[in-house]
Every structure is written in structure tokens, then in C-alpha cells.
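Enquirer: Quick one: the structure is below, questions incoming.
Please treat every number below as a calculation from the coordinates, not as lab data. As the structure is a computational prediction, the values presented were derived from the model and not from experiment. Cβ: placed from backbone, ideal geometry, glycine included. Neighbour counts: every protein chain shown.
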There are 2 protein chains.
Amino acid sequence: MTLKGGCIVAQSGGPTPVINNSLYGVIEDAWNRKEITGLYGALYGVTGILQEQLIDLRREDLATLKGLRYTPGAALGSCRHRLKAEEYPRLLEIFKKLNIRYFFYIGGNDSMDTVDKVRRLAREEGYEMRVVGIPKTIDNDLPATDHCPGYGSAAKYIAGVVRETGLDLKGMLSTNRVTILEAMGRNTGWLAAAAVLAKTSPEDPPHLVYLPERPFETEKFLSDVREVYREFGFAYVVVSEGLKDPTGNYIVAEETQDAFGHRQLGNGLAAYLKKLVESYLPVKARYIVPSTLQRSSMLYASGTDVEEAYLVGKEAVRLACRGLSGIMVTLEREKGEEYICRVGYVDVAQVANKEKGVPLEWIAPGNNFLAKEFIEYARPLIQGEVKVPFAGGLPHYVNLERYVPAVERIREK
Amino acid sequence: MTLKGGCIVAQSGGPTPVINNSLYGVIEDAWNRKEITGLYGALYGVTGILQEQLIDLRREDLATLKGLRYTPGAALGSCRHRLKAEEYPRLLEIFKKLNIRYFFYIGGNDSMDTVDKVRRLAREEGYEMRVVGIPKTIDNDLPATDHCPGYGSAAKYIAGVVRETGLDLKGMLSTNRVTILEAMGRNTGWLAAAAVLAKTSPEDPPHLVYLPERPFETEKFLSDVREVYREFGFAYVVVSEGLKDPTGNYIVAEETQDAFGHRQLGNGLAAYLKKLVESYLPVKARYIVPSTLQRSSMLYASGTDVEEAYLVGKEAVRLACRGLSGIMVTLEREKGEEYICRVGYVDVAQVANKEKGVPLEWIAPGNNFLAKEFIEYARPLIQGEVKVPFAGGLPHYVNLERYVPAVERIREK
């Protein structure tokens with residue numbers, strides 16, 4: 001049944017190189033649909049809706065919109081905001097006031113919780129609307145989908161820079177013998193694990209990869225590094241930022257928490273391990289924390305990932321217009337040698353606030369590398385390169401003009 | 001006058017994305033020259049010569065050698081080793097024993113000192129040989145050359161990632177409002193300065209850039225950041241790793257020194273400034289230290305830089321075969337609107353152990369940005385992109401086979 005009204009799309013959580021591809025997919029599919037009267041972007045996620053900071057996407061220049069396909073960062077602005085109980089009714093009030101009937105939220109597990117709650121409240125209040133979650137996270141930790149848009153590109157980046165900085169390490173043995181790279185990923189090790197895709201021979205970096213799915217034992221780590229160093233004369237180690245000791249405490253974490261109550265990671269683990277190695281082995285070590293570089297490198301974006309991020313955006317609109325609500329679009333991989341992946345969907349309640357880690361059987365015995373099952377899983381996700389347009393020696397990225405829609409314009413539709 | 005004998009080429013100091021282009025230039029030009037009887041690479045710089053760790057470059061596969069043009073890292077291995085007084089005679093002894101008459105050293109200011117001393121000792125001892133330095137440093141701190149091969153690519157990387165992580169910052173204002181990126185460069189600010197090439201409007205990152213050519217004043221820095229934050233709601237700051245306070249002490253540096261007696265930098269300045277900002281402004285800040293990523297990113301290599309690095313390698317052989325010795329090849333830019341750069345040379349004594357900083361008049365008033373003279377200087381150096389071959393989703397880089405030449409083979413030539 002056709003539901004006529006306005007549409008809001010918003011972005012949430014950490015940006016990825018391809019999050020704007022999902023935005024573009026939504027815009028492209030919604031563009032000519034008569035039932036979607038207004039096509040709006042909310043600035044900075046749900047906080048932008050609460051503050052009625054909307055932009056009129058149909059007024060944007062077409063060339064700019066197409067530029068979203070190779071522009072990293074969250075073009076609408078993103079947020080980490082867990083809605084308080086009293087904010088949900090306010091959100092619905094705004095949807096009603098502006099006659100918003102479609103809401104697309106591009107985000108991770110916290111955002112899917114928002115999608116779930118908005119869907120429930122709208123149903124309770126008898127306000128007909130279609131709420132659809134679009135998966136996005138470099139962490140790849142969403143359940144119910146084979147993988148998450150954003151992961152393939154960040155995985156390709158991690159593997160690529162391990163190869164490049166591995167060459168740097170091998171060429172400078174007189175200065176450093178050990179490099180420790182710290183990947184993002186919070187409580188799951190998907191991103192750190194991707195480093196193994198760089199390896200082509202036993203001597204090749206990375207030599208050791210540690211994931212938070214297994215407890216991190218310092219003594220074992222040091223003896224692992226020593227063994228590799230003795231065999232090859234150098235060692236390249238990749239660690240996931242969320243490593244925990246056998247009692248379940250982070251090895252290193254800041255005291256402060258983010259808006260979702262998560263401890264801040266990425267500030268100190270690799271530095272700590274570097275010092276540990278130097279105190280144990282007669283070598284200098286170096287650490288690398290790629291920080292937001294790993295979620296914003298368009299030059300390392302995966303062609304496969306770019307395409308899939310775009311497709312899940314399009315599919316979200318298609319499914320909503322078919323009448324579905326309270327779902328998250330998924331990627332479903334077919335069994336078999338060849339990589340074939342289709343879009344699907346699940347009830348968003350199956351995803352909200354849940355985390356999917358690397359299966360323990362994909363971690364190699366010794367807990368310091370990955371088994372071939374992981375490599376077979378991850379390899380197809382980093383295939384394909386993106387031609388980024390350059391101007392004046394630098395990538396040419398776009399910014400939305402962010403035209404403010406007149407409130408009258410919204411209401412009259 | 002034709003001088004017949006063997007040739008050794010070696011790499012020294014920190015690798016760059018294009019250091020292997022200079023190596024390839026040497027190999028290509030020396031390949032068919034009859035006066036160059038043996039064409040050898042020394043592993044790990046001068047230390048490889050002292051240990052007679054040589055490889056026979058003419059036995060390498062041609063496809064592998066051509067792959068050097070897009071492979072980062074030091075393919076021969078590099079070193080940071082300041083020769084002790086007693087090691088110079090030993091070096092010359094090895095040259096004599098193996099009848100080495102040509103020595104090409106690809107490196108920075110410390111390496112040019114080695115070139116100078118080897119040249120002098122050979123002359124004193126009446127051993128005829130041609131010793132030529134080939135400039136290489138991402139720091140761009142060599143005098144007597146317009147710029148240094150390696151700088152253009154690292155500069156392009158810094159500007160590119162400031163643009164990308166700047167988009168990330170702008171998209172995530174609910175989490176962080178300030179990003180501080182720490183660039184390499186030791187005592188000169190060339191690399192940090194390159195960040196300004198990313199800027200296209202006043203609101204655009206970077207907003208503030210601090211170089212070691214000017215004393216760093218903490219109070220001034222904090223009020224600069226506050227001013228930018230008040231105007232735009234966020235601030236992107238780039239600092240050079242070697243910032244010093246008004247009394248001439250590094251703001252942050254490790255206690256240890258490297259083999260050249262330099263203090264180790266790059267471990268703490270940005271982290272320190274992040275905490276400082278957070279204690280002063282009501283915002284969260286983030287820091288990024290690209291570490292060896294900035295000297296190994298082939299995807300951000302400058303086409304101009306790749307070509308020039310190759311040309312200085314070729315020119316070194318050409319000049320040596322014309323009879324010159326004790327020189328460093330240079331890049332000479334013609335005056336005028338259009339960028340035209342030719343190769344030249346200077347006596348290596350003009351370069352050895354000297355540093356060239358960013359001219360003070362190129363630093364903007366306020367000491368927190370660059371003037372247009374710098375932009376006009378640097379812009380041409382980052383032009384052009386490199387097509388890196390990918391295989392299986394990752395860059396395909398090469399490793400030399402490193403064929404060991406039989407000592408008999410060397411001597412009989």
C-alpha cells in the first residue's frame with residue numbers, strides 16, 4: 001500500500017570511506033518516487049532531527065551528489081548519541097509535524113537500537129511510518145549480515161599499509177626490528193584480522209595478529225615476538241585496540257567513556273606494547289596507530305565494498321516502499337567458490353545492541369594468527385579499486401551545499 | 001677519461017616512496033656501460049659494504065627491477081650508521097680489493113658527509129674512484145637543491161590525509177572537535193607545512209600549522225586553537241615532530257638517541273598537545289601520528305617526484321662516467337610561472353651535515369600558517385599520480401632476489 005510523505009535519511013557512528021555510497025543509494029532510489037514528497041537529510045544523525053536541522057537533498061547539484069560515491073567521511077554529519085527515553089516521543093512528534101513517513105538510518109548496532117525503538121513507538125502511537133536500518137561499520141560486528149559495508153575498505157587499508165610499512169621495516173633493520181600496528185575494531189577483531197591478507201610467505205608481515213576474541217597473555221605475546229625475531233630477524237605485530245587480559249579487563253583504555261557508555265580505545269595499547277617489547281628484547285620497536293586514517297582512506301577503498309554500500313542504500317528505499325518497516329538491510333553471501341552476494345533483510349531487533357565477533361574456530365591455534373577460513377571469508381571483500389578523481393595533485397572530494405528547506409515547503413507537501 | 005671497474009649503489013636513512021626510483025635510475029643507466037664491470041647493490045647501506053654483503057644487480061629479473069618504480073621502502077635495505085674514523089680506511093680497502101671504482105649513495109645530509117669523506121680519503125690514497133651522492137629525504141632539508149626526491153610524495157600524503165581525516169572530523173563533531181596531526185621532518189617543518197595544500201577555504205582543514213623554524217609557545221597555541229574553534233566549531237591542527245620551546249628544547253622527545261646522535265621524535269608530542277587542548281577547552285580532541293605510513297604510501301606518491309627521483313639516479317651515473325666525483329646531484333627549478341626543473345650538481349661538501357629549513361619569510365605572521373610563497377613552491381611538487389598495479393585486492397610490490405655475487409666473479413672483472 002502506498003504511503004505518501006516525507007523521508008529523512010541520517011548517518012550515525014564512526015564514518016567509513018563508503019558511508020556516503022549508502023546515502024547516495026537512498027537518494028538515487030528515492031529521487032523520483034512520487035510517494036516520497038520531500039527528501040531530507042538530517043545533520044549529525046538523530047540529534048539533527050531533534051533540532052530540526054534538515055537539508056533538502058533534492059536541491060543539491062547532481063554532480064555533487066554523484067561525488068558522494070568517492071567522498072569519505074559522513075557528508076550529512078554523524079553522531080554518537082543514545083536517545084534518552086524522553087527524546088523518542090519528541091522525535092515522533094517532529095516526524096508527525098513534518099509528515100515524515102520514511103526514516104533511513106545508516107549506522108551500526110547502537111543505531112539499529114534506535115531504529116527498533118522508533119518503529120515500536122510509531123506502531124504504539126498508530127502513526128504509520130517505515131523505518132529501515134542500513135548497516136555501516138568498519139568494525140564488521142553486526143550480526144545477521146554476512147559482513148558490513150565499510151569493513152571491506154578498512155580491511156583493504158589495514159592489509160595494504162601492513163604491506164607498505166612492512167617494506168619500510170624490512171628496509172630499516174638497523175633502526176627498528178619490531179613494528180606494532182594497532183587497528184580499530186572495539187570488542188571484535190575483524191579489522192586487525194584483515195592484516196593477514198597482506199601475507200604471501202612465512203617471512204612476510206604480519207607475523208603475529210592478536211584479537212580481543214581471545215584473552216591476551218603478555219608472557220605468551222613476548223615469547224611469540226621473540227620466536228619470530230629469532231627466526232626472521234624482525235617481527236611485524238598487529239593488535240586489535242580492544243585486547244583484554246584473561247580477567248576481562250582492557251590491557252589499556254582511557255578512563256572516559258563515549259556517549260554510548262563505551263570506554264575510549266586507541267590511545268595507548270600499541271605504545272604500551274612497544275615499551276614492553278623493548279624491555280624484553282634487545283631491539284628498538286616502533287608502533288603505528290592509523291587512527292581515523294583507516295576509516296577515511298578513499299585511495300584504499302574496496303570496489304566491492306563501494307558497490308555493496310550503494311546497493312544496501314537503494315534496497316532500503318525499495319523495501320520501505322514495498323511496505324516493510326523495522327528491518328535492517330543485510331548482505332547474504334551464496335555458498336560456493338565464486339563470491340556472489342545479494343541484499344536481504346532481517347528484523348532489526350535481531351541486530352540492535354548485539355555484537356558478532358570473529359568465530360573462535362577461525363583463529364589459529366596459538367591465538368596469534370588467523371586460520372584459512374578467515375582468509376577465504378575476507379579476501380573477496382577487498383577486491384576492486386576505486387578511481388578517485390584528483391585535481392591539483394589531491395583527491396577531489398565534495399561537500400553538500402546543505403540547502404535549508406523552508407518549513408512551509410516541508411509542511412505543504 | 002674512462003675509468004673501468006665495479007660499481008656499488010647503496011641506500012641510507014629513512015626510506016621514501018620513491019627511493020627505489022633513484023636506485024632504478026642508477027641501474028638503468030649503468031646497465032649497459034662497458035666501463036662498469038660489475039653492478040652491485042650493498043645491503044643496508046655502508047654497513048653492507050663493510051660486511052661485504054653485496055648483491056649482483058645485473059642478475060635480477062628485469063620485471064622485478066621495473067617493479068622498483070612503484071615499490072616503497074628501501075629495496076636494498078637502508079641504515080642509519082655514522083662511520084667511525086677507523087671504518088673509512090676499511091671501506092676503501094674493500095673498494096680496492098673488489099676494484100670498485102664507482103660508489104653511488106642515495107641518502108640525506110648525514111649520508112652526504114659519508115660521500116664527502118670517502119671521496120677525500122680515496123684522493124689522499126691516490127685510489128681513483130667516482131663517488132656521487134643522490135639526494136633522498138621526505139624531510140626536504142638538504143641545501144643546494146631546490147627540493148629533495150621523496151618530499152613531493154610525503155607532502156602529497158600529508159595534504160591528502162589532512163583532507164580525508166578533516167572530512168572525518170567535520171562529520172563527527174559530537175565526538176571530537178579538535179584533531180592534531182603530527183608530521184615527521186625532524187628539525188625542519190617542510191612536511192608539516194605541506195598540509196596547507198589541502199586547504200581550499202577558510203573553514204577547510206588545516207586551520208593551524210606549527211613549524212620548528214619558529215619557537216612554539218604553548219599559550220599562543222591554545223589561544224589560536226580557541227579562536228579557530230569559536231569561529232568554525234572545530235579545529236584541525238598540524239604540528240611538526242621537532243617543535244621546540246622558546247629556550248630551544250624539544251616540547252616532547254625521547255631520552256634515547258639514534259646512531260647519528262639525533263633524539264628520537266614522533267612519540268608523544270601530539271598526544272601531549274591533545275591533553276593540553278582538552279584541559280583548556282571544553283572539547284574532546286584526537287591525535288594522529290602517521291609514523292612510517294607517510295614515507296611508504298605509494299598510492300599517494302607524486303608523479304613528479306617519482307620521475308625526478310628516477311632522473312637524479314640516472315644523472316648520478318652519467319656525471320660519474322663523465323669523470324665527476326665528490327658531488328651530489330641536485331634539482332634546479334627555473335624561474336617563472338610554469339614548473340620546469342632540471343638536474344644539476346654541487347660539491348657534496350656544500351651539503352654534508354647541513355640542514356635547510358623553511359625560509360622564515362614563508363611562514364605567515366602569527367607563526368601558525370604558511371604564506372603564499374610556500375604554496376607556490378610546494379604545489380608543483382605534488383602533481384601527478386602513480387598507477388600502482390594491484391593483485392588480489394592489494395598493491396603488488398616487488399622484492400629483489402638478492403643474488404650473491406661470487407667473490408671470484410667480482411675480482412676477475
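Enquirer: Kindly work out what percent of the DSSP beta bridges joining two residues of segment A:154-295 are antiparallel, to the nearest 5. Walk me through the numbers on the way to the answer.
Expert: Working: 2 of 15 bridges.
Rounded to the nearest five, the antiparallel share is 15 percent.
Enquirer: May I ask which residue of chain B has the beta-carbon nearest to the axis carrying chain B onto chain A, and at what distance in whole Å?
Expert: B:Leu299, 2
Enquirer: Whole Å is fine, so just give me how far the alpha carbon centre of segment B:65-84 lies from that of segment A:270-285.
Expert: Rounded to whole Å, the Cα centres lie 25 Å apart.
Enquirer: Continuing with this model, one more query. For the residue pair B:Tyr339 and B:Arg230, what label-to-label distance in nm results when each label sits 7 Å from Cα along the Cα-to-beta-carbon direction?
Expert: Reported label-point gap for B:Tyr339 and B:Arg230 is 3.8 nm.
Enquirer: Still on this structure, please answer the following. Would you mind computing, in nm to one decimal, how far apart the modelled labels at B:Glu401 and B:Arg82 are, each placed 7 Å from Cα along Cα→Cβ?
Expert: Roughly 4.0 nm, to one decimal.
Enquirer: Near B:Asp347, within a Cβ-to-Cβ distance under 11 Å, what is the net charge of the other residues, with Lys and Arg +1 and Asp and Glu -1?
Expert: 0
Enquirer: Could you line up A:Leu83, B:Leu394 from fewest to most neighbouring Cβ atoms inside 10 Å?
Expert: A:Leu83, B:Leu394
Enquirer: To continue, here is another question. Run through the other copies and list how far each one's label point is from that of A:Glu332, in nm with one decimal, shortest first; the point sits 7 Å from Cα along Cα-Cβ.
Expert: 7.0
Enquirer: Could you give the Stokes-Einstein D for segment A:154-295 in µm² per second, using the C-alpha Kirkwood radius, 10 °C, 1.306 mPa s?
Expert: My calculation gives 105 µm²/s for D.
Enquirer: Which percentage, to the nearest 5, of the DSSP beta bridges contained in chain A is antiparallel?
Expert: On the way: 15 of 46 bridges.
Approximately 35 percent, going by the DSSP bridge assignments.
Enquirer: Taking a ≥ b ≥ c as the square roots of the eigenvalues of the Cα gyration tensor of segment A:17-73, is the shape rounded (a/c under 1.5), prolate (a/b larger than b/c) or oblate?
Expert: Taking the square roots of the gyration eigenvalues as a ≥ b ≥ c, segment A:17-73 is oblate.
Enquirer: What are the label-to-label distances in nm, one decimal and shortest first, from B:Asn353 to the same spot in the other copies, with labels 7 Å along Cα to Cβ?
Expert: Taking the point 7 Å beyond Cα along Cα→Cβ, the inter-copy spacings are 6.8 nm.
Enquirer: Applying 1/(1 + (r/R0)^6) with R0 = 45 Å to the Cβ-Cβ distance of B:Ser279 and B:Ile375, what FRET efficiency is obtained, to the nearest 0.05?
Expert: On the way: r = 33 Å, r/R0 = 0.74.
Step by step, r from the Cβ atoms, then E = 0.85.
Enquirer: Express the relative contact order of segment A:154-295 as a whole percentage, based on alpha carbon pairs under 8 Å and six or more residues apart in sequence. Walk me through the numbers on the way to the answer.
Expert: Details: 268 pairs, mean separation 43.0, N = 142.
This gives 30 percent for segment A:154-295.
Enquirer: Reported to two decimal places, what Rg/Rh ratio describes the protein assembly as shown when computed on Cα atoms with Rh from the Kirkwood expression? Write out the running numbers ahead of the final one.
Expert: On the way: Rg = 28.0 Å, Rh = 27.9 Å.
Answer for the protein assembly as shown: 1.00.
Enquirer: Would you mind estimating how fast chain B diffuses translationally, via Stokes-Einstein at 4 °C and 1.567 mPa s with the Kirkwood radius over Cα pairs, in µm²/s?
Expert: On the way: Rh = 22.1 Å.
For the chosen part, D equals 59 µm²/s.
Enquirer: Calculate the length of the line joining the C-alpha centroid of segment A:182-207 to that of segment A:341-406, in whole Å.
Expert: Computed from Cα coordinates, the inter-centre distance equals 15 Å.
Enquirer: For A:Leu181, enumerate residues with amide H under 5 Å from its amide H, sequence gap 5+ or separate chain, H modeled in the peptide plane.
Expert: A:Val237, A:Val238, A:Val239, A:Ile288
Enquirer: Among A:Leu281, A:Leu43, A:Leu181, which one shows the highest mean-square fluctuation when chain A is modelled as a Gaussian network with alpha-carbon springs under 10 Å?
Expert: A:Leu281
Enquirer: Provide A:Val18, B:Val348 in ascending order of the number of other Cβ atoms located within 10 Å of each residue's Cβ, fewest first. It would help to have the intermediate numbers written out before the result.
Expert: On the way: A:Val18 35, B:Val348 26.
Sorted ascending by nearby Cβ count, the order is B:Val348, A:Val18.
Enquirer: Here is a further query. I'd like the mean, over residues of B:14-21, of how many other protein chain beta carbons sit within 10 Å of each residue's own Cβ. Present the calculation step by step, with values, prior to reporting the outcome.
Expert: Details: counts 4, 8, 1, 2, 0, 1, 2, 0.
If you average over the peptide's residues, the count of other-chain Cβ atoms is 2.
Enquirer: Between their Cα atoms, which of B:Lys4/B:Lys97; B:Lys136/B:Lys356; A:Lys4/B:Lys170; A:Lys84/A:Lys354; B:Lys314/B:Lys356; A:Lys136/A:Lys156 are more than 22 Å away from each other?
Expert: Details: B:Lys4/B:Lys97 14 Å; B:Lys136/B:Lys356 14 Å; A:Lys4/B:Lys170 33 Å; A:Lys84/A:Lys354 19 Å; B:Lys314/B:Lys356 25 Å; A:Lys136/A:Lys156 16 Å.
Table pairs above 22 Å Cα-Cα are A:Lys4/B:Lys170; B:Lys314/B:Lys356.
Enquirer: Considering Cα pairs under 8 angstrom that are at least six residues apart, work out the relative contact order of chain B and quote it in whole percent. Could you put the intermediate results ahead of the total?
Expert: On the way: 949 pairs, mean separation 98.6, N = 413.
In percent, rounded to a whole number, it is 24.
Enquirer: Still on this structure, I have one more. Between B:Asn20, B:Asn399, B:Asn367, which gets the highest mean-square fluctuation from a Gaussian network model of chain B, Cα cutoff 10 Å?
Expert: The residue with the greatest mean-square fluctuation here is B:Asn399.
Enquirer: Next question. Once phi is turned into ³J(HN,Hα) by the Karplus curve 6.51 cos²θ - 1.76 cosθ + 1.60 with θ = phi - 60°, what whole-Hz value does each residue of segment A:32-43 show in order, with x for glycine and proline?
Expert: 9, 7, 5, 5, 8, 6, x, 10, 10, x, 9, 7
Enquirer: For the protein assembly as shown, what is the percent of antiparallel DSSP beta bridges, rounded to the nearest 5? Each step should come with its number before you reach the end.
Expert: Working: 31 of 93 bridges.
About 35 percent, rounded to the nearest 5.
Enquirer: I've got another one for you. Per-residue mean of other chain beta-carbon atoms within 10 angstrom of the beta-carbon, peptide B:393-404? Each step should come with its number before you reach the end.
Expert: Values: counts 18, 14, 7, 2, 4, 1, 6, 0, 0, 0, 0, 0.
Counting other chains' Cβ atoms within 10 Å and averaging over B:393-404 gives 4.
Enquirer: If a/c stays under 1.5 just call it rounded; otherwise compare a/b with b/c (prolate if a/b is bigger, oblate if not). Do that for segment A:287-408, with a ≥ b ≥ c from the square roots of the Cα gyration tensor eigenvalues.
Expert: Working: a/c = 1.87, a/b = 1.19, b/c = 1.58.
The shape class here is oblate.
Enquirer: Something else now. Mind listing the label-point distances from B:Lys97 to the same position on all other copies, shortest first, one decimal in nm, points 7 Å along Cα→Cβ?
Expert: Nearest first, the other copies' label points are 8.6 nm away.
Enquirer: By the gyration tensor of its Cα atoms, with a ≥ b ≥ c the square roots of the eigenvalues, what is the shape of segment A:1-123: rounded for a/c under 1.5, prolate for a/b over b/c, or oblate?
Expert: Details: a/c = 1.86, a/b = 1.19, b/c = 1.56.
In terms of gyration-tensor shape, oblate.
Enquirer: Using a 10 Å cut-off around each Cβ of peptide A:93-103, what is the average number of partner chain Cβ atoms that fall inside?
Expert: On the way: counts 0, 0, 0, 0, 0, 0, 0, 0, 0, 0, 0.
Other-chain Cβ atoms within 10 Å of each residue's Cβ, averaged: 0.
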